[in-house]
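Report on the following structure.
The values are calculated or read from the model by the stated rules, or taken from the named source; none is laboratory data. Not measured: the values here are computed from a predicted model. Cβ: placed from backbone, ideal geometry, glycine included. Neighbour counts: every protein chain shown. Calculation scope for accessible area: heavy atoms of the full protein, side chains included, ligands and nucleic acids excluded. Shrake-Rupley method; radii C 1.70, N 1.55, O 1.52, S 1.80 Å.
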Amino acid sequence: PASEALYMGREDVFTWIEENLIGKTQPHTLILYGQRRMGKTSTLYQLVGGKRGQTIREYPGYPIFPVYIDLQRLAGSDTPEFFARLSHEIVRALNKRNISVSVPESWSENGSIYNDFDAFLDRVEESLPENGLLVLIMDELEQLQVSVENGRLNDHIFPYLRSLMQHRSRLTFIL
């Protein structure tokens, strides 16, 4: 909310986001990049809950459900905790939009955690309105690499996330 009054301009960024998320084709995974203090995170906050992002969130016939995930907050999480916290953020954001989905009670540690998360995403997608799109907004993306290098996250997370980006038509990412 504090950034709402300070946030100015960036019409081109919002137009670009809208053009790439909303429409009849599969939405694109988007990457916002630039130097520090350029307003990338403020833009993401506007998309998630600000006035500037409202027309995109509530686009007639193609509502989007953005979920902001600060990967710095997930630093130090092992793979099961990462997916548990990620699913909690998704559920919390959807509950704010009156979509009820529950967080899985436990996550498998025997190698099927990706299947568990896929099943969770299936339930999320079934709960979305027609043409609704879940948008996972992952800020501070470099933290994923750091967590893998530190041995906290399984290095299979990268091909798994890529697979989600390529094969789920009701889910996309802004990185």
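Within segment 45-64, how many residues are within 15 Å of P129 (Cα to Cα) and open to solvent by 10 Å² or more (accessible area, probe 1.4 Å)? Number satisfying all stated conditions: 7. Restricting attention to segment 147-167, the residues that are basic (K, R) and crowded, with 18+ Cβ neighbours inside 10 Å add up to 0. For segment 77-102, the set of residues classified as under 20 Å from L153 (Cα atoms) and open to solvent by 40 Å² or more (accessible area, probe 1.4 Å) consists of D78, E81, R85, H88, listed by residue number. For the residues L74, L144, the requirement of being open to solvent by less than 20 Å² (accessible area, probe 1.4 Å) and either modelled with pLDDT of 95 or more or in contact with a Phe, Trp or Tyr (Cβ under 7 Å, 6 or more places away or on another chain) (or both) singles out L74. Residue under question is D78, and the condition is that it be of a type in the set (D, E) and closer than 21 Å to T43 by Cβ; does it hold? In short, no. Among the residues of segment 142-175, those identified as charged (D, E, K, R) and either within 15 Å of N115 (Cβ to Cβ) or part of a loop (DSSP other than H, G, I, E, B) (or both) are R152, D155, R168, R170.
Number of residues in segment 11-40 that are modelled with pLDDT of 75 or more, open to solvent by less than 90 Å² (accessible area, probe 1.4 Å) and over 19 Å from T55 (Cα atoms) equals 2. Among the residues making up segment 82-118, those that are over 17 Å from the mean Cα position of the chain (by Cα) and part of a helix (DSSP H, G or I) are I113, N115, D116.
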